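The values are calculated or read from the model by the stated rules, or taken from the named source; none is laboratory data. All figures in this text were calculated on a predicted structure; none of them were measured in a lab. Glycine also receives a Cβ, built like all others from the backbone with ideal geometry; neighbour counts cover every protein chain displayed.
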Amino acid sequence: MTSATSLLLIAILIALSAFFSLAEISLAASRRLRLRQMADEGDVRALLVLQTQEQPGDWFTVVQVGINAVAILGGIVGEEAFGAGLARLFSPWFEPEVARTLGFVVSFVLVTSLFILFADLLPRRIGMAQPEKLAIRLVRPMRVCVVLFRPLVWFYSRTADILLRMLGLPSQRDDRVTTADILALAEAGTQAGAIAAREQQVIANLFELDTRAVASVMTLRERVAYFLRDDPDEVIRARIAAEPFSTYPVCERDIDHVVGYVDAKDLFQRLLNARSITLADERLVRKVLIVPDRLTLAEVLDQFRQAHEDFAVVVNEYSRVVGAVTLNDVMSTVMGDLLGPADEEQIVRRDDNSWLIDGVAPIEDVLHALQLDELPSADEYETLAGFLMVMLRRVPRRTDSVKFGGYLFEVLDVDSYRIDQVMVTRLPTTQPPPGDESQVLRAGS
């Protein structure tokens, strides 16, 4: 075989190896969502790639057979193409045996380098950059190769399946899209500049709806403005002026006996028409939606949708009213700081190392603000006040403090046993004693 023929054969082998490398990486890196979009647009080849991804065994078997066979042939042809000529090149300076050895080594390094660069690294980088476009172009030629290598494909595929079963490993990949996958894609889009940081945060907040309880966003019982059924016109007008809200529960005797709710728009219409307001009018009082305090925000949204309401009263297992929630409360969890400063006063950052936080602030918002993963006994409370009560094992008093996760939580104000304000301060970076991640400091300590 002449040198020119050997060089041509090596070029063909490199091209074949590059073809198999492109086929391997493009199929593995192709995104199913993108392929599904291409298939919906009418590209039949995208459907073939999707089908191949569901059963990729034969595809990868052909790839491995082709790559290994080409590599072996490349070594043989490379020795013939360069070995003798390099040995003659070294013969004036070395013994014949040493010259042949050097010729073989240099020939091996040269051919291997050509294959690594042009048959492996370059095709793989190209395949990673545009996997779907390459996959749909290579799917039909690869299917022809699968048919041509059918006996070898059957033997190696069955052998690999047996080995996987013996090892207890799956033979097919799991293509289910998880929450973590979506969040990772959103984060990658933010880093690439395709998604704004606030939009990425909204996506992350959406998945919190399934884990956050309604108690974390509701208006607490003590802060709910309500009317009694027999309140006179003067009392109702004074309450509206003092506490302007869009919705007011209507109760008998006390807040634990809710009979309905009244919309502020209906009240305003009567006021503008100079009519007296009486809650004994059944047309004014609407039927109220009652939800348990253990529902998640996603379940509350579903209740709102089914009842065609945007307001609900929240009760505990003893049928005691613990608060009220609106559609806006739930959506503020999703939109976060997009709703404006008036909706984020529960957590105020004073400087780089301290925060002033309302005791009823949802613990998820506190974790996000402080960039903490979790707090102790997280299933026992919903708010920052609950965290302090669990840690102190009693109702907190002013100056009580808790240290955890590199932060100092100090109670600043308590109003009728309710924690109003908590100062959270980032502690200087120090190594905590072994086994002592948290520390409770009693009042005056």
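Checking each residue in the stretch 99-124 for being of a type outside the set (A, V, I, L, M, F, W, C) and over 12 Å from A23 (Cα atoms) picks out R100, T101, G103, S107, T112, S113. Checked against the criterion of being outside the structural domain of D379 (by TED's automatic domain parsing), part of a helix (DSSP H, G or I) and at pLDDT 90 or above, the stretch 306-322 has at least one qualifying residue. Selection of first residues in the stretch 191-215 that are assigned to a helix (DSSP H, G or I) and modelled with pLDDT of 80 or more and of second residues that are of a type in the set (D, E, K, R) and surrounded by 18 or more Cβ atoms within 10 Å (Cβ to Cβ), restricted to Cβ pairs under 8 Å at least 6 apart or on distinct chains, gives the following pairs, ordered by first then second residue: V214/D293; A215/D293; A215/E382.
Of all residues in the stretch 300-317, those satisfying the criterion of being touching a residue at least 12 places away in the same chain (Cβ under 8 Å) and either more than 8 Å from L289 (Cα to Cα) or touching a helix residue (DSSP H, G or I) at 6+ places or on another chain (Cβ under 6 Å) (or both) are V300, L301, Q303, F304, D310, V314, V315, N316, E317. A324 - would you say it is aliphatic (A, V, I, L, M) and free of Cβ contacts under 8 Å to residues at least 24 places away in the same chain? Here the answer is no, as A324 does not meet what is asked.
Helices (runs of 4 or more DSSP H) fully within the stretch 1-74 that include at least 1 residues being surrounded by 15 or more Cβ atoms within 10 Å (Cβ to Cβ) and out of contact with any helix residue (DSSP H, G or I) (no Cβ under 7 Å at 6 or more places or on another chain): 3-29. Across the stretch 54-102, the number of residues qualifying as closer than 30 Å to V153 by Cα, at pLDDT below 80 and of a type in the set (S, T, N, Q) comes to 1.
Does V144 meet the test of being in contact (Cβ under 8 Å) with a residue 40 or more places away in the chain and either surrounded by 15 or more Cβ atoms within 10 Å (Cβ to Cβ) or in the same structural domain as L7 (by TED's automatic domain parsing) (or both)?
It is false that V144 is in contact (Cβ under 8 Å) with a residue 40 or more places away in the chain and either surrounded by 15 or more Cβ atoms within 10 Å (Cβ to Cβ) or in the same structural domain as L7 (by TED's automatic domain parsing) (or both).
D181 meets all of the listed conditions (1) under 34 Å from the mean Cα position of the chain (by Cα); (2) in a helix (DSSP H, G or I); (3) surrounded by 15 or more Cβ atoms within 10 Å (Cβ to Cβ) but one, namely (3).
Residues are listed down the side, and each one gets a yes or a no for (1) surrounded by 19 or more Cβ atoms within 10 Å (Cβ to Cβ); (2) closer than 19 Å to R223 by Cα; (3) at pLDDT 90 or above; (4) in contact with a helix residue (DSSP H, G or I) (Cβ under 8 Å, 6 or more places away or on another chain):
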site: E345; (1), (2), (3), (4): no, yes, no, no
site: N353; (1), (2), (3), (4): no, no, no, no
site: P376; (1), (2), (3), (4): no, no, no, yes
site: D379; (1), (2), (3), (4): no, no, no, no
site: R397; (1), (2), (3), (4): no, no, no, no
site: L408; (1), (2), (3), (4): no, no, yes, no
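Picking from residues in the stretch 312-331 that are over 29 Å from the mean Cα position of the chain (by Cα) and more than 14 Å from A215 (Cα to Cα), the one that is surrounded by the fewest Cβ atoms within 10 Å (Cβ to Cβ) is Y318.
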